[in-house]
Amino acid sequence: MARVGMPRKFVFVCINERPEEHPRPSCIRRGSDSVFEALREETGQQGLVDVKVIASGCLEPCMVGPSIYVAPDDVWYGGVTVEDVPQLVEQHLANDEPVEFLRIGRPEFELSPLQGRSDLPPGEIPPV
Ligand code: FES
């Protein structure tokens, strides 16, 4: 197989897992492993040999996972499902047009599992 050189895009898919009882959700419990596999399959089927799909640890916007980061485009996605993958690959990874309805930004990073919880003593912050 011929080498393709430096990838045109890198797609980081969070597959981080936390215990069920952890206050922060984790992407793998929301199906990110299936999203990761679907992205690899779809990019392969579409012949995108210059797109590298990478399994990643926590990317931080855990409250809206599964989370994905596309570089060098600097585009963040949240709540991605297997059903979204064909559109994401065709529209963004192949044709450079981000999928707007899946995009997230700074506000999603600032969501906290502590919001709405009154059972934690003041100053008691669960581990990330
Ligand atoms: S666990 Fe996936 S972004 Fe944090």
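The values are calculated or read from the model by the stated rules, or taken from the named source; none is laboratory data. Note that this is a predicted model, so its numbers are computed, not measured. Backbone-built Cβ (ideal geometry, glycine too); neighbour counts: all protein chains shown.
Of these, Glu20, Glu41, Glu60, which one is out of contact with any Ser or Thr (no Cβ under 7 Å at 6 or more places or on another chain), among the acidic types (Asp, Glu) and more than 16 Å from the ligand (Cβ to nearest atom)?
Glu41
Ser34 - would you say it is under 13 Å from the mean Cα position of the chain (by Cα), at pLDDT 95 or above and away from the ligand (no atom under 11 Å from the Cβ)?
Judged against the criteria, Ser34 is a match.
Name every residue in segment 58-85 that is in contact with an Asp or Glu (Cβ under 6 Å, 6 or more places away or on another chain) and within 19 Å of Glu37 (Cβ to Cβ), in order of residue number.
Of everything in segment 58-85, those that are in contact with an Asp or Glu (Cβ under 6 Å, 6 or more places away or on another chain) and within 19 Å of Glu37 (Cβ to Cβ) turn out to be Gly78, Val85.
Is it the case, given these coordinates, that Pro66 is surrounded by fewer than 15 Cβ atoms within 10 Å (Cβ to Cβ) and farther than 15 Å from His92 by Cα? Show your work before the answer.
Values: surrounded by fewer than 15 Cβ atoms within 10 Å (Cβ to Cβ): no; farther than 15 Å from His92 by Cα: yes.
It is false that Pro66 is surrounded by fewer than 15 Cβ atoms within 10 Å (Cβ to Cβ) and farther than 15 Å from His92 by Cα.
Inside segment 6-49, can you point out the residues that are without any contact (Cβ under 8 Å) to a residue 12 or more places away in the chain and on the phi > 0 side of the Ramachandran plot?
Hit for segment 6-49 is Gly47, nothing else.
Only residues in segment 74-94 that are at positive phi and at pLDDT 95 or above count as the first member; pair them with residues that are surrounded by fewer than 22 Cβ atoms within 10 Å (Cβ to Cβ) and not acidic (Asp, Glu), Cβ under 7 angstrom, at least 6 apart or cross-chain, and list the lot.
The qualifying pairs are Gly79/Val64; Gly79/Leu102.
Filter segment 63-81 down to residues that are among the aliphatic types (A, V, I, L, M) and closer than 13 Å to Cys14 by Cβ and give me whichever is farthest from the ligand (Cβ to nearest atom).
Initially, segment 63-81 is screened for residues among the aliphatic types (A, V, I, L, M), giving 63-64, 68, 70-71, 75, 80.
In the following step, the residues that additionally are closer than 13 Å to Cys14 by Cβ were identified as 63-64, 68, 70, 80.
Values: Met63: 8, Val64: 8, Ile68: 9, Val70: 14, Val80: 11 Å.
Among those residues, the one meeting the criterion is Val70.
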